[in-house]
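Where a number appears in this text, it was derived from the coordinates with a stated rule and is not lab data. All values derive from a computational prediction rather than experimental measurement. Because the Cβ atoms are built from the backbone with ideal geometry, glycine has one as well, and the counts that use them run over all protein chains shown.
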Amino acid sequence: MRKLALSLVATASLLCGGTSAFATNVTILTPYISSIPTNDMAQTFKSEGAKRGWTVTIIDTRNDFGQLASRIEDTVNAKTDAIVLISTDASQVGDQVDLAAKANIPVISLDGTKRNNVAVNVTSNNFELGVQLSEALFKALGGKGNIVKFYHSAHPGVRQRELGLDATLKKYPDIKVIADHFVKVPGPVDDGRVAMENILRQYGNKIDGVWAAFDDPGIGSELATESELPNSKLIIMGIDGNAQAVNMIKSCTHYKATIRQDFAKMAEVGATQLAKIFAGGKTDSDEISVPAVLLTAESLGAKCP
């Protein structure tokens, strides 16, 4: 009887998730965990998974897409229950996504791209973010002036923002891009700072504005401007709502605006959609957009001259 009772307890423990035998294992893979927004999404998703009893593992490949592909294959072979790609163009690891599908492992994406065998991509409308940033900057410049562009086309969302800039430039013939820089990741703040220092030394007060496809190089640009040309009237604007960028805006620096994406919400929505898949259902759509908001000194309650 005692052996039977112990067996029943053990079985109940397994059914309730008391051991790892029936645990749901979810693997997050990204090449950009050093990016604050990417890390925020990963950590929020991990917390959301914990609420649901999932064991969530985070794998970062430090901007190495070859290693990313390899680690996805390893994850498939390890028979994870689901894969979450963060800040990744799924087409760059398309073969691996298809491999996961053949193994009946669902793949979802946060801040990435749609693709066959990706059940859902949860993101902002990055093209519209690029347009919104461009319109805000160009209007602040009075519709004319010289700007510097910081971009990172390797990231699918950031690439869409760049396309939004290109589309908006066609409406503003008196706005000229006089310099641009492909931002290196990891280390985008320092890379943006060094690049902006060199650009300032070349163009000086000819620069009227900085279009930063994400906040990190915008922050670097502000640090460089304060060092090289503190009395400049140039205007810096970016995207993401990075806390350091927000503090710069509130402190009335050259940084005048950022568009805050709700990365935590993306992770929450992604976890909800994956839970639907685990329950045998389907995602609400193959792409879900989470709204973003423009932050300025005024909206943040700061009184700048």
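Would you please state which residues of the stretch 203-233 a label at Cys252 would reach in this model, taking the label point 7 Å out along Cα→Cβ and a backbone N cut-off of under 12 Å? Once the point is set 7 Å along Cα→Cβ of Cys252, nothing inside the stretch 203-233 turns out to lie under 12 Å by backbone N.
How would the stretch 126-262 be classified by its alpha-carbon gyration tensor: rounded, prolate or oblate, with rounded meaning a/c under 1.5 and the a/b versus b/c comparison settling the rest? Verdict is rounded for the stretch 126-262.
Taking the longest Cα principal axis of the chain as reference, the axis of helix 2-15 is set at about 30 degrees.
Between 0 and 90 degrees, the angle of helix 188-203 with respect to the longest Cα principal axis of the chain falls at about 20 degrees. Axis angle, to the nearest 10 degrees, between helix 126-140 and the longest C-alpha principal axis of the chain: 20 degrees.
With 0.36 nm allotted per residue and the present C-alpha distance subtracted, the Ser285-Asp190 stretch has 30.4 nm of extension available. Electrostatic tally near Ser124: other residues with Cβ closer than 15 Å to its Cβ, Lys and Arg +1, Asp and Glu -1, net -4.
The residues Thr283, Thr57, Thr123, Thr258, when put in order of fewest to most other Cβ atoms within 10 Å, stand as Thr57, Thr283, Thr123, Thr258. Among Leu85, Leu229, Leu68, determine the one that fluctuates most according to a GNM of the chain built with springs between C-alpha atoms less than 10 Å apart. Top of the fluctuation ranking is Leu229. Is the shape of the chain best called rounded, prolate or oblate, per the rule: a/c under 1.5 gives rounded, else a/b larger than b/c gives prolate, else oblate, with a ≥ b ≥ c the square roots of the Cα gyration tensor eigenvalues? The shape class here is prolate.
Sorting 103-111, 245-253 by average packing, meaning the other beta carbons within 10 Å per residue, from highest down gives 103-111, 245-253. 3J(HN,Hα) along the stretch 115-122: 6, 3, 6, 9, 5, 7, 10, 9 Hz, from the Karplus curve 6.51 cos²θ - 1.76 cosθ + 1.60 with θ = phi - 60°, whole Hz, x for Gly and Pro. Using a cut-off of 28 Å between Cα atoms, the listed pairs Lys46/Lys276; Lys51/Lys256; Lys114/Lys139 include Lys51/Lys256; Lys114/Lys139 as exceeding that distance. Largest GNM mean-square fluctuation across Pro31, Pro186, Pro173, computed for the chain with C-alpha springs under 10 Å, falls on Pro173.
Local charge sum around Val210 (other residues, Cβ-Cβ under 11 Å, Lys/Arg +1, Asp/Glu -1)? Net charge around Val210: -1. Counting Lys and Arg as +1 and Asp and Glu as -1 over every other residue whose Cβ lies under 12 Å from the Cβ of Thr283, the net charge comes to 0. Please compute the contact order of the chain in relative form: average sequence separation of alpha-carbon pairs under 8 Å and at least six residues apart, divided by the residue count, as a percent. The value is 17 percent.
Residues in the stretch 290-300 carry Karplus couplings, in order, of 9, x, 10, 9, 7, 10, 10, 4, 5, 5, 8 Hz; the curve used is 6.51 cos²θ - 1.76 cosθ + 1.60 with θ = phi - 60°, and Gly or Pro positions show x. Amide H contacts of Val56 (H built 1.01 Å from N, in plane; Pro and chain starts excluded): Val26 sit under 5 Å, all sequence-distant by 5 or more or on other chains.
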